[in-house]
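The values are calculated or read from the model by the stated rules, or taken from the named source; none is laboratory data. Keep in mind that this is a model prediction, so the values were computed, not measured. All Cβ positions, even for glycine, are placed from backbone atoms using ideal geometry, and neighbour counts span all protein chains on display. The protein model used for the area step is the full one, side chains on, heavy atoms only, and it has no ligands, DNA or RNA in it. Shrake-Rupley method; radii C 1.70, N 1.55, O 1.52, S 1.80 Å.
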Amino acid sequence: MSDNNAISLYDTLFNLFKKAISVAYPDVCDPPVIIISNSNERFGDYQCNSAMALSKQLKNDGITTKPRGVAESIVSKVEDSNLISKLEVAGAGFINIYLKKEFAQKTLSTLVKNGKILPPYTKKQKVIVDFSSPNIAKEMHVGHLRSTIIGDSIARLLEFLGHDVLRINHVGDWGTQFGMLISHLQDRFPDYLSVSPPIADLQSFYKESKARFDTDEEFKKRAYNCVVKLQASNPDVIKAWQLICDVSRKEFEKIYTRLDIKLIERGESFYQKHMEAIAKDLEAKGLLEEDEGRKVMFSKRDNEIPLTIVKSDGGFTYDTSDMAAIKQRVEEEKADWVIYVTDAGQSMHFQVLKHCAERAGILKSCHRIDHVGFGVVLGNDKKKFKTRSGETVKLSDLLDEGLKRTLEKLKERERDKVLTEEELKIAQESIAYGCIKYADLSHNRNHEYIFSFDKMLEDKGNTAVYLLYALTRIRSIARTANISQEKLREMAENIPISLEHEKEWKLAKVLIKFPDVLIKITTDLYLHHLCEYCYEISCVFTEFYNNCYCLEKNDLGEIVNVNMSRILLTEATAIIMEQCFSILGLKSVAYM
Ligand code: ARG
């Protein structure tokens with residue numbers, strides 16, 4: 001751990017108490033270290049609740065000591081630190097921990113001086129985040145939108161923590177469906193090798209070819225033949241396949257650009273050679289079993305369905321591509337950690353994949369594999385999210401609608417009268433896309449989620465609009481006082497941040513929790529904690545602002561006094577909120 005990292009309060013307190021307990025009770029092996037953060041200040045800022053559990057453990061060993069006595073022994077062994085101002089034993093044996101203000105002051109001053117917050121220490125790892133991953137020639141639907149938003153935010157978090165992140169778009173660009181698509185393309189556009197076919201709507205193209213495939217035997221035969229040629233890399237067929245992929249790719253790209261999301265496309269087709277190799281390898285290791293002509297692999301865990309590695313016609317499947325991909329990622333990319341972001345419906349697939357990869361010796365105990373699942377998206381009517389006519393909603397239409405509704409809201413507030421055309425456009429995009437992302441991220445991802453523009457565009461409560469406005473307002477305080485960012489940094493060197501007022505101290509304590517919030521979400525990959533934290537900051541900031549003047553104005557509205565220390569606290573708040581926004585993929589705006 002270096003001085004350059006933000007300090008995790010939780011970890012530091014944990015280590016202090018762990019040490020104290022082991023000094024006070026050297027004979028207890030693996031003593032319980034329980035540290036919690038307190039929302040009720042009467043019981044300290046944090047609390048150590050180890051004494052009760054420890055007293056029980058001691059009793060089992062034949063030593064009777066009351067929890068209060070245990071708590072007192074622990075307290076007597078806690079080393080002095082720059083973190084704790086006071087410890088007190090309360091009630092049945094709780095240890096109330098009071099933090100030192102100097103610690104928070106120093107942390108926040110450094111933050112403003114640097115103009116940014118540094119991440120807490122984490123061991124650098126190579127992480128692959130496999131997200132978005134739509135299928136070629138099929139509509140990219142709201143499920144893929146959820147994967148895109150959640151995956152991007154996880155990647156942003158890990159990038160901020162300093163990991164080496166590879167953002168992979170595992171698009172469905174391979175498989176037997178391409179046989180019929182290619183044959184149909186060859187019939188419809190015989191000149192496709194020289195003139196690019198003008199396919200505007202790949203969905204209807206898909207439907208047309210599927211209809212022919214289902215009714216026309218001769219066509220079906222040709223389609224199968226095409227798959228064989230595709231697998232054998234026949235140049236004309238590959239060209240047709242590329243043309244089809246390009247049409248989808250361009251559509252996907254538009255969505256990613258609008259949402260400011262970066263991804264490296266590495267679809268199922270990338271693993272062709274790896275699929276052949278893995279199938280042979282698993283076969284040679286005796287890990288495949290025959291099942292009605294298919295070759296399957298069992299994880300050997302109860303209630304787990306097997307992976308289909310080779311189909312009865314000799315072809316490969318989604319399972320094969322994932323087995324090949326996990327091997328390539330771990331062995332060639334040297335990934336320590338692979339995260340898959342898909343709907344919860346695929347959780348069994350990824351569970352079996354992980355167990356099979358362990359069984360095959362690909363994954364070792366040092367690897368971390370996570371399936372980040374999420375619930376289905378529902379419409380306002382609590383039914384599956386569809387258009388009125390029952391079609392899948394086109395993502396580009398959805399984003400357009402978001403823009404339209406946002407503009408209406410901005411006009412309702414007469415923002416079009418005060419903002420320049422350009423400012424209005426920036427605000428519109430930031431709010432529209434920010435709302436869509438935030439509405440998704442602020443819900444526990446395991447739950448189903450109701451997509452509602454009305455809800456997400458509300459300007460009260462835990463919404464992106466509320467938070468974006470909050471940050472804009474916070475930033476405008478220093479601007480009103482005519483204090484530039486450079487000046488703020490300089491001030492942070494010389495003017496201490498006072499935390500005397502109860503509300504100043506309350507705000508400071510929320511701000512210094514930031515590293516702990518990040519560590520928590522790195523463990524469970526639930527981003528709604530970060531949204532809740534953002535909301536907490538803005539609520540506590542409002543309390544502070546309503547009680548502590550930053551700028552004093554006279555009756556004419558002229559500034560007569562500026563409280564510099566509070567301006568610094570305001571800036572620290574803005575820096576942390578901005579960092580949270582950046583992890584959540586929201587863009588803050590100067591004027592809205
Ligand atoms: N294309 C798949 C789908 O639409 C998602 C792929 C997820 N990634 C993976 N490695 N299987 O459901």
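Miscellaneous remarks
- Taking region 149-166 and a reference point 7 angstrom along Cα→Cβ of LYS124, the backbone N atoms nearer than 18 Å belong to 156-166.
- Within region 155-169: backbone nitrogen closer than 20 Å to the LYS364 label point (7 Å, Cα to C-beta): 164
- Pairwise centroid distance, computed over Cα atoms, of region 276-302 with region 174-230, Å: 32 Å
- Per residue, the accessible area of the chain comes to 48 Å², computed with a 1.4 Å probe over protein heavy atoms only.
- Unsatisfied cross-links (Cα-Cα over 25 Å) in the set LYS18/LYS86; LYS86/LYS503; LYS437/LYS520; LYS254/LYS382: LYS254/LYS382
- Looking at region 299-436 alone, DSSP beta bridges between its own residues are antiparallel in about 10 percent of cases.
- Between VAL28 and LYS250, the distance separating the two model label sites (each 7 Å from Cα on the Cα→Cβ line) works out to 6.9 nm.
- Treating r as the C-beta distance of VAL195 and GLU292 and R0 as 35 Å, the FRET efficiency rounds to 0.20.
- Relative contact order for the chain, counting Cα pairs under 8 Å that sit 6 or more residues apart, in percent: 15 percent
- A Förster radius of 41 Å, combined with the Cβ-Cβ distance separating ASN38 from GLU391, puts the computed FRET efficiency at roughly 0.20.
- DSSP beta bridge pairing in the chain, given as percent antiparallel to the nearest 5: 50 percent
- Descending semi-axes in whole angstrom, ellipsoid equivalent of region 177-261, from the Cα gyration tensor: 24, 15, 12
- Efficiency of FRET between SER233 and LYS487 - r from beta-carbon atoms, R0 56 angstrom, step 0.05: 0.35
- Spatially, region 560-592 and region 434-456 are offset by 24 Å when compared through their Cα centroids.
- Cross-link partners of LYS487 among lysines (Cα-Cα below 20 Å; sequence separation of 8 or more within a chain): LYS106, LYS113, LYS116
- Per-atom-type breakdown for the chain gives carbon and sulfur 50% of the accessible area (1.4 Å probe, protein chains only).
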